[in-house]
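Comments concern the structure below.
Read-outs throughout are calculated quantities, based only on the coordinates presented, and are distinct from any laboratory measurement. Bear in mind that the values here come from a model prediction, so they are computed numbers and not experimental data. Here the Cβ positions follow ideal geometry from the backbone for every residue, glycine too, while neighbour counts run over all protein chains shown.
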Amino acid sequence: MKRLSISFRKLATAAALSTALFGAAGSAQAEDTIKVGVLHSLSGTMAISETTLKDTMLMLIDEQNKKGGLLGKKLEAVVVDPASNWPLFAEKARELITKDKVSAIFGCWTSVSRKSVLPVIEELNNILFYPVQYEGEESSKNVFYTGAAPNQQAIPAVDYLMNDLKVQRWVLAGTDYVYPRTTNKILEAYLKAKGVKPADIMINYTPFGHSDWQSIVADIKKFGSAGKKTAVVSTINGDANVPFYKELGNQGIKAEDIPVVAFSVGEEELSGMDTKPLVGHLAAWNYFMSVDTTKNAAFIQQWKDYIKNPKRVTNDPMEAHYIGFNMWVKAVEKAGTTDPDAVQKAIIGVEFPNLTGGTAKMLPNHHISKPVLIGEIQEDGQFATVWQTNKVVDGDAWSDFLPDSKPIIADWTAPINCGNYNTKTKKCSGQNY
Amino acid sequence: MNLQNLTQDKTYASVLLALASVTILIPFCNLIFPEDSALHFSAYSVSLIGKYLTFALLGLSLDMVWGYAGILVLGQGAFFALGGYAMGMYLMRQIGTRGVYGNAELPDFMVFLNWTELPWYWYGFENFGFSMLMVLLAPGLLAFVFGWLAFRSRVTGVYLSIITQALTYALLLAFFRNEMGFGGNNGLTDFKDILGFNIQSEAVRSVLLLMTGLSLIGALLLCRWIVNSKLGRVVTAIRDQESRVRFLGYRVELFKLWVFVFAAMLAGLAGALYVPQVGIINPSEFSPLNSLEIVIWVAVGGRGTLYGAIIGAVLVNYAKTVLTGLMPDAWLFCLGGAFILVTLLMPDGIVGLLRRRIKPKPTLNATGGQPA
Amino acid sequence: MQSQRFRTRLKTPPGLRPADRSPKNSLLSMMTTTSTQTGIETRGVFKRLFELVFLNTVRREPVAGLSAQPGSNGTSAVDRSGWLIRIGLVLLIAAAAMAARPVLADETGNPLDLLRQGSMSEREQAVEQLAADSANLKLLQALQDGKLFELKAEAKLAIGLETQTGYSLTDPISGASLGEVERGAVGKINLNNKLRTLLRKAIGQLQLNHADPAVRLGAVQAMAKNVDDKALALLKDHLDHEADAEIVAAIRSVLLLQDINSPDKSQRVNAITTLKEFDSQDAVNKLQALTEKDADGNFVEADSDIRNLAEAALIKIRGRMQAYAAIETVFFGLSLGAVLVLAAIGLAITFGVMGIINMAHGELMMLGAYTTYVMQQLLPNNLGTALILSIPMAFLVAALVGIAIERGIIRFLYGRPLETLLATFGVSLFLQQAVRSIFSPLNRSVATPDWMSGSWQINDFLSLTWNRFYILIFCLLVFTALLQILKRTKLGLEVRAVAQNRGMARAMGIPTSRVDAMTFGLGSGIAGVAGVALSQITNVGPNLGQAYIVDSFMVVVFGGVGNLFGTLVAGFSLGIANKVLEPYAGAVLAKILVLVFIILFIQKKPRGLFPQKGRAAES
């Protein structure tokens, strides 16, 4: 019996301990600040891209506090590290909402991390601002997509190649995951609609972090030497780009011969590459650091001061967070509360100036309107704009070039109030509420 | 079950009791007490503890095969993920027409890839019983084929460890491929129901935690019974002196195969319990680093003790949860440092430390020989 | 979809500046008086020239399709540069005028100004105009190399060479030095792909008479890339007075390609029969075109003789192409193998010889790569030297870290190999995060020196990239060096002795703990050296090590633990297997197949390709 009593004492301690750790942590906290969750990987494979966005958020929140905060309260950033681990994203999102009681979350980079967080955000009815260009085919009540949808990046880029560079043969190269798959599917349909023959389209997928590009680049070279102007549309993700471009340069594929237009290579990725062999290759984004506006200059200066490094660059997802955060601030001010439901309603129609000129507007489908810029890589790691749309393009959640999603629209205003509304059958599907 | 035997080891008994209390108390508190009560456990804590317990089960499975049979498997995560995928497939089939494209038959990612019919290996997964069978059979079968080949040709030591790593790496690459029909990099997610109940409701969460806890307790008792049975003794003997056992006339490879398959099935069960609680299964679960981490849990907890694996898994993951929130920029320093210190200062893991305090005499199980 | 219209990006031209009267006007009168003697036509040209160089007169006509901004018509901007240069230029221009060779092809605008501040399409016009005169060659080359700058204060162009503080400038036409300026004082003239293509052609045409045959050959090749009638005429002319056999052959092949479509059948037959011996992609394309059918199913080429000849020629060339493709695949495989061997060979020592499951091996490679980065930062102007120097430096850094790990942690764990796994895993997390904290989580840019970039173009179908080539050689060198160390040095002997029987070695008076530290240091140093090579082909970032660790272990185990030669053979054979499978199975499936092959192979040979024999094998 004595033995057992020891066990019971231990048990009681254990129970008390776990209550203290899990239960109490979530209870009563003084509500003198408005908390904002920052959910970006600071370790693991995605830290390369996401750490910058964490710093951007801290800078934006810092600046808002200098301006006097929001609704008379200070903002407080709650930073967690989901460590590039997708289930951990969901767990951390839940932690931010239930334990830290944040009013909105800014975060995620990869599609899979967003998909992982989505059910949690919807269940607990919070707000997520997602700052990266993505594949579309989604519009959640609780997510605001401040990055580009395919029609704000891929289609204009292909138009440019076709009309200005007279490209006739196409290589669609991508990393094997949902963003490149969707983008390439949309582009393939688009190119075929424009009369490009299937024999003139080559599609290639590689795994994440692919590092040995010799054979694939040799194939591209062969494909491109058939006498017709050829271009590569690259949705190759992050880390795989450095060896890819190095191999291109070494195998003598110059931008003049076979230009590569990339959707995932920005200033920050270029800062980690030897740009000499890349000069002239293209990228399509909604923001370039090189765009010469007073707003952009101020933003760049602010960033360099904040990060205390005059060599740091700015990039497109940073602008997306900048716009998203400011839209959220405006919406909270408009609604007079941080209550997610009220903010979700108030933010639709909110406008905020882009850094590159023009005005971004939050659309009823939770995407924003953006200008599209195409730039050529310069030796200093910046882009020189060679083409841009003359006005902002509205983000389209459901692509018009895919037969399955053509009739679907997203509209979060009455009377539709649905992210997946079929205009033919007049039905709303795929919603959890 | 030999109760006398159980109570002989106090640590063992207290771990068991702590598990039982967590399993029963937390769902109870979660459901009974209102949300503002101090005794209430939030959904966050419930799913978090549920996750820890599945990891504990996974650690336990590795301890069986590594701690007792001396086979260092660097691919235990593969069996875990396979079990998880089997569960995920069941949950995907339950979505029905509530998917994005509203297709009753095909999951969204297949509609997206322009597939017109369900691939054959998805047949049957709409049935819960069949899925649960596959949760055990898929990893079990893989372990059987792999183990049968490997143990028969007497692949041992690091060679075995590395080819198990190759196995999980190959599966990782395979499951990343969209053509495989398992959702590629995004994996399976956006689950709605389990057995007709909303998977996000508090009650289902609590029941899942209860099920996980019961499975863990059951598995612990079962493992304990196995290692103390004659079979367990032979397996331990193989770990310590394989050739001697073989000369005594035992079919070493069959014993090893048995433990290997059993551990794989346990890992599969852990995976199946993990998926509905975290809401996603994707190929990164196959990554060799994940499997390495399992080894680390067991080593930190103390190998060859069963409950050590449970303590290690819970502690390491709890540390991760706390540190990733408290010091997002420096938590890897702490974790890395902790691993180094544990190896240097606590050769038998945390359990070894506890045991030295409680009982100066080494127990039978702690005096394991060196692994190959 | 929104309709997107091309938006021209025109910068506002600088406003009218008051003319600087005294010197310019006197010069102007001087020049006009001379020009009266040379007749009315030359005078017109002369005047334009004068305006161009001295006054920078802008006379922009609205360009078709572009909406020029108001105020740009007839605006003149006056240049205020120094006297000396002008005098130098006067001579130059005078010489040009005497030769009666007009610099300007038409009268639409001053090309230098268009180049300086025009839109991209205006710059194209400017380049076309400038391409007419070989005196502009230097300017065009500078433009292509990105060394042409706008001197902001003086609104003129200059060629700039980067110096420590800014740029040292020279005049683009005369080559006279314009002194040094700070970085902010100049703006680079940007190009786009169209312009680069145009420039390449223009420079090619201008260089056709260059003294250096290599430059001439390059010029011919540049022109061959898109042949038009003008280029063809130029090449034909040039053929008559070209002495270099290689260049003659290059021009001949360009002309032959044109002959395929000539109206004369015998010429066509001759062209096809000659071309089938050529390893030329252009020839394949031309011949291919002859055998194709149009949309109605009729052959494009009506003459069946020609068609059959073309088909036969294609078969012949394709046969050679296949052979070249096979060579290429083997090379790809060897170079992938070299990377695998480099990554694994350090592990072959720490893991294979010492039995330490070193999970921090990848991070030691990462340290080597970062050392290369730091060296390049220290020597920004000598990238090649920095790279060479980083080899010993990386060895040193990684070896020291390795020795520290061994002394601090691993030496307490001998005889407990699995615990080394745990501890070194901790070390690897630690090192990764340390690099993240010190260098930031972003990738770092490591430049490739010129002699390592580009490829060795053997013919149109076969080219070997230099960086892979060097890495292959480097890998063999490192391997040989390591083998020699182990075989011929005292350390090597001691290492082998300790690996075989630690107790006996100690009994023989070998300081085992010192040898352990040295061995681990050696293995780590080699990992660092591998990192230098990796920095040339992949990302230098905190994740570098993790990408290679699994592969490294595979290679060591496949080759046989404790056997360096096995590691070499294993690395190369896995590399080649991967590359042979890749075209059929795709990159991912090829890798899966190789992994499955390793798993099955280990069943057959449970101790790898080259199992250790003797007592050490049973440990």
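Applying a 10 Å radius around every beta-carbon, put C:139-147, C:580-588 in order of their mean neighbour count, most first. Mind showing how you got there, number by number?
Numbers: C:139-147: 19.7, C:580-588: 17.9.
For the peptides C:139-147, C:580-588, the packing ranking is C:139-147, C:580-588.
Lys pairs in chain B, Cα-Cα under 25 Å, at least 8 apart or on separate chains: how many? So the count of such lysine pairs works out to 7. Given +1 at the Cβ of Lys and Arg, -1 at the Cβ of Asp and Glu and no other charges, the dipole of the protein assembly as shown around its Cα centre is 4120 debye to the nearest 20.
Cross-linked pairs A:141/A:330; C:152/C:230; C:147/C:236; A:35/A:141: Cα-Cα separations exceed 25 Å for C:152/C:230; C:147/C:236. Other protein chain C-beta atoms within 10 Å of residue C-beta, averaged over C:553-563: 3.
Taking Cα atoms only, the orientation of helix B:76-95 departs from the longest principal axis of chain B by about 20 degrees. Coupling constants for the stretch C:600-606 follow from the phi torsions by the Karplus curve (6.51 cos²θ - 1.76 cosθ + 1.60, θ = phi - 60°), and in residue order they are 5, 5, 5, 4, 6, 10, x Hz; glycine and proline get x. Backbone amide hydrogens, once placed in the peptide plane, bring residue B:193 within less than 5 Å of B:199, excluding anything fewer than 5 places away on its chain. Working note: Karplus 6.51/-1.76/1.60 with θ = phi - 60° gives the stretch B:18-24 the couplings 4, 4, 4, 5, 4, 4, 8 Hz, where Gly and Pro are set to x. Each peptide among A:143-151, A:177-185 gets the average number of other Cβ atoms lying within 10 Å of its residues, and from highest to lowest they stand as A:143-151, A:177-185.
Couplings for the stretch B:141-154, taken from phi via the Karplus curve 6.51 cos²θ - 1.76 cosθ + 1.60 with θ = phi - 60°, read 5, 4, 5, 5, 5, 5, x, 4, 5, 6, 6, 5, 8, 6 Hz in order; Gly and Pro are left as x.
Residues whose amide H comes within less than 5 Å of that of residue A:202, counting only those at least five positions distant or on another chain, are A:170, A:171, A:172 (H built at 1.01 Å from N in the peptide plane). Once backbone amide H atoms are built at 1.01 Å from N, residue A:107 has A:39, A:129 as its partners under 5 Å, excluding neighbours fewer than 5 places away on the same chain. Inter-label distance, residue C:473 to residue C:456: 0.7 nm, where each label sits 7 Å from its Cα along the C-beta direction.
With r as the distance between the Cβ atoms of residue C:412 and residue C:483 and R0 = 30 Å, compute the FRET efficiency 1/(1 + (r/R0)^6) and round to 0.05. For residue C:483 and residue C:412, the calculated efficiency is 0.45. The peptide list C:250-259, B:74-83, B:115-124, put in order of mean Cβ contacts within 10 Å with the highest first, becomes B:74-83, C:250-259, B:115-124. Bridging of residue A:406 to aspartates and glutamates at a Cα separation below 12 Å is possible for A:137, A:396, once same-chain residues fewer than 8 apart are set aside. Shielding of peptide B:23-34 by partners, expressed as the average count of other chain Cβ atoms within 10 Å per residue Cβ, is 1.
How tilted is helix B:349-358 with respect to the longest principal axis of chain B? Cα atoms for both, answer in degrees (0 to 90, nearest 10). The two axes meet at around 50 degrees. Relative to the longest principal axis of the Cα atoms of chain A, helix A:47-66 runs at roughly 60 degrees. Counting, for every residue in A:271-277, the Cβ atoms of other protein chains within 10 Å of its Cβ and taking the mean gives 6. FRET efficiency for the residue B:203 to residue B:126 pair, using the beta carbon distance and R₀ = 22 Å, is estimated at 0.40.
Basic side chains Lys and Arg get +1 at the Cβ, acidic Asp and Glu get -1 at the Cβ, and with that the dipole of the stretch A:205-265 about its Cα centre reaches some 240 debye.
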